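Asks: There's a structure below that I have some questions on.
The values are calculated or read from the model by the stated rules, or taken from the named source; none is laboratory data. Because the structure is predicted, anything quoted here is derived from the model rather than measured. Because the Cβ atoms are built from the backbone with ideal geometry, glycine has one as well, and the counts that use them run over all protein chains shown.
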Amino acid sequence: MAELRIRQAVRGLLLTPDDDVLLVRFEFPTRQVWAMPGGGLDPGEDHVTALRRELIEEVGLTEFEIGPHIWSREHIIPFVDGRWDGQRDRVYLVRTPRFEPRPALSWDELRAERLHEIRWWTFAEVCAESAIGFAPRNFAAVLGELLAHGPPPSPVDTGA
């Protein structure tokens, strides 16, 4: 069996002082999902450099400090374009004041990457939306754990 082609990616858990979280909605042929902003590493990029680039491109955040690597996630699902068999995400905590997202990329460019919406969520809204797909699937649970206990001493595997 051929080795899986796993895309290396990075995401930011953007949390305000009130613990609101910024999520982006991706649309795929078979489903839509709300996820943390971020994406794949470009050749030669490390995770921190890629996260800085992705947050500028997707939500327009330019001034921020990257906190600890809090979660890891690997999911095996063939990409629509056939280039990858799955993705391995590193998620970093980014505390930020609430801001109005202004992506550096145009909406045509974002939609080409399947990103269709950006919005702030309260923890209560995340918990109340059981019919909505989140990535990771257990997003409400791992977010609740983080809000209750703070960043873990080492990254937590969030599963798919």
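Asks: For segment 8-42, enumerate the residues that are among the charged types (D, E, K, R) and either within 19 Å of Glu109 (Cβ to Cβ) or touching a helix residue (DSSP H, G or I) at 6+ places or on another chain (Cβ under 6 Å) (or both). Talk me through it step by step, then tell me what you get.
Replies: Our first condition is that a residue be among the charged types (D, E, K, R); within segment 8-42, this holds for 11, 18-20, 25, 27, 31, 42.
Matches in segment 8-42: Arg11, Asp19, Arg25, Glu27, Asp42.
Asks: Taking segment 67-81 only, how many residues are surrounded by fewer than 17 Cβ atoms within 10 Å (Cβ to Cβ), at pLDDT 80 or above and not hydroxyl-bearing (Ser, Thr, Tyr)?
Replies: Of the residues in segment 67-81, 3 are surrounded by fewer than 17 Cβ atoms within 10 Å (Cβ to Cβ), at pLDDT 80 or above and not hydroxyl-bearing (Ser, Thr, Tyr).
Asks: Can I ask one more? Which of the residues belonging to segment 2-32 are assigned to a loop (DSSP other than H, G, I, E, B), modelled with pLDDT under 95 and more than 12 Å from Leu115 (Cβ to Cβ)?
Replies: Ala2, Glu3, Leu4, Arg5, Pro29, Thr30, Arg31
Asks: Return the residue satisfying two criteria in turn: it lies in segment 82-124 and is among the acidic types (Asp, Glu) and closer than 25 Å to Ser72 by Cβ, and of such residues it is surrounded by the most Cβ atoms within 10 Å (Cβ to Cβ). Give the steps one after another, and end with the answer.
Replies: Going through segment 82-124, the residues among the acidic types (Asp, Glu) turn out to be 85, 89, 100, 108-109, 113, 117.
The next check asks that each one be closer than 25 Å to Ser72 by Cβ; those that pass are 85, 89, 113.
Numbers: Asp85: 15, Asp89: 23, Glu113: 14.
Ranking the candidates gives Asp89 first.
Asks: Among the residues of segment 41-49, are any farther than 28 Å from Thr30 by Cβ, within 14 Å of the chain's Cα centre (by Cα) and surrounded by 15 or more Cβ atoms within 10 Å (Cβ to Cβ)?
Replies: Looking through segment 41-49, at least one residue is farther than 28 Å from Thr30 by Cβ, within 14 Å of the chain's Cα centre (by Cα) and surrounded by 15 or more Cβ atoms within 10 Å (Cβ to Cβ).
Asks: Test Leu146 against the criterion of being in contact with a strand residue (DSSP E or B) (Cβ under 7 Å, 6 or more places away or on another chain), outside any strand (DSSP E or B), surrounded by 13 or more Cβ atoms within 10 Å (Cβ to Cβ) and modelled with pLDDT of 95 or more, and give yes or no.
Replies: So Leu146 fits the description; yes.
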